[in-house]
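Engineer: Provided herewith is a single structure, encoded as structure tokens, for subsequent inquiry.
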Amino acid sequence: MTGVAGLVASYGKKTVAQSVYLFNTAGTGNVTAPNGYTKVQVEALGAGGGGGSTGGRAGAGGGAYAIVANLSVTGGSTIVYYQVGTGGGVNNATLPTDSWVNIASNAAPANTSQGCLGKAGTNGTGGVAGTGGSAAASIGTTKYGGGNGFAGSGSTATGGGAAGDGGSGGNAASSVPGTGGTGTNIIGGAGGAFNTAGSAPGGGGGGDNAGATAFGAAGVVRLVFS
């Protein structure tokens, strides 16, 4: 009798396929949880910083990654707000911004019950390399930091790599950009070589010689409803 009851209960369950959203254009937006869904997994990778030439050539840092799984939502009702970070400008012209997701309000989350936040890398400026987005300053149940940039003379200044969902971004070295973090769904962008922008998503720009080409790459946000 027990076996029959268990079989009937299992047969009566409705399986809902996952609904996945990926946003990789810098800016803000929102998504209403689709009807029939009760959970969402949120992921965010911060933007990369921009490289610099003023006061010395300096590569920028890559963005950090964060994830929170199984946040409760009400299909057709809960609004999920997000921001995809904007890459930093050359010579500190504009600051890079964080990427985040919040199921409670249209603002960066304060804790993991609201969502996640991946810190942006910092710009390379004044001959000082930018640092990778901090895992400690990010918000998530799993977090990986971005790689640091490298400051140097000539064409040695390079950018740090962004983190991925499987690991941290690589630090830049003399003439060698940092590698992007490994991943399955979000693979971090590599840092930029000298006079080269960081690779998307989240790579830090390389050093620049006033060519204004070593921008940081935008971040990315991923939502998985189930």
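Read-outs throughout are calculated quantities, based only on the coordinates presented, and are distinct from any laboratory measurement. For clarity, every value in this text was computed on a predicted model and none was experimentally measured. Every residue, glycine as well, gets a Cβ built from its backbone with ideal geometry; the counts of neighbours run over all protein chains shown.
Engineer: Can you compute the FRET efficiency between Ala173 and Asn209 using 1/(1 + (r/R0)^6), with r the Cβ-Cβ distance and R0 = 22 Å? Round to the nearest 0.05.
Structural biologist: With a Förster radius of 22 Å, E is 0.70.
Engineer: To one decimal place, what Kirkwood hydrodynamic radius in Å is obtained for the chain from all pairs of distinct Cα atoms?
Structural biologist: Roughly 17.1 Å, rounded to one decimal.
Engineer: Shifting gears a bit: Note the full-extension length gain between Thr141 and Thr25 as 0.36 nm times their separation in residues minus their Cα-Cα distance, in nm to one decimal.
Structural biologist: Additional length available on full extension: 39.3 nm.
Engineer: Compute the semi-axes of the equivalent ellipsoid of region 69-198, taking the square root of 5 times each eigenvalue of the Cα gyration tensor, and list them largest first in whole Å.
Structural biologist: 31, 15, 11
Engineer: Label Asn111 and Thr182 with points 7 Å out from Cα along Cα→Cβ: what is the distance between them in nm?
Structural biologist: For Asn111 paired with Thr182, the spin-label model returns 3.4 nm.
Engineer: While we're here: What area, in nm² and to one decimal, does the C-alpha convex hull of region 135-226 cast on average over all directions?
Structural biologist: 6.0 nm²
Engineer: Can you find, among Ala136, Thr78, Gly149, the residue farthest towards the positive end of the dipole of the chain? Put +1 on the C-beta of Lys and Arg, -1 on that of Asp and Glu.
Structural biologist: Checked the options; the winner is Thr78.
Engineer: As an exercise, use a Förster radius of 41 Å and the Cβ-Cβ distance of Thr54 and Ala17 to find the FRET efficiency, rounded to the nearest 0.05.
Structural biologist: Once the sixth-power term is evaluated, E becomes 0.20.
Engineer: Any idea what the relative contact order of region 157-226 is, in percent, if you count C-alpha pairs under 8 Å spaced at least 6 apart?
Structural biologist: 26 percent
Engineer: Next question, about the same structure. Would you kindly derive the ³J(HN,Hα) couplings of region 160-171 from the backbone phi angles with the Karplus curve 6.51 cos²θ - 1.76 cosθ + 1.60 (θ = phi - 60°), listing them in order in whole Hz, with x for Gly and Pro?
Structural biologist: Along region 160-171, the couplings run x, x, 7, 6, x, 6, x, x, 6, x, x, 6 Hz.
Engineer: Apply the a/c threshold of 1.5 to the C-alpha gyration tensor of region 41-105 and tell me whether it is rounded, prolate or oblate.
Structural biologist: It comes out prolate by the Cα gyration axes.
Engineer: So what is the 222 nm mean residue ellipticity for the chain from helices alone, if each DSSP H run of at least 4 adds -39500 (n - 2.57) and you divide by all residues, rounding to the nearest 500 deg cm²/dmol?
Structural biologist: -1500 deg cm²/dmol
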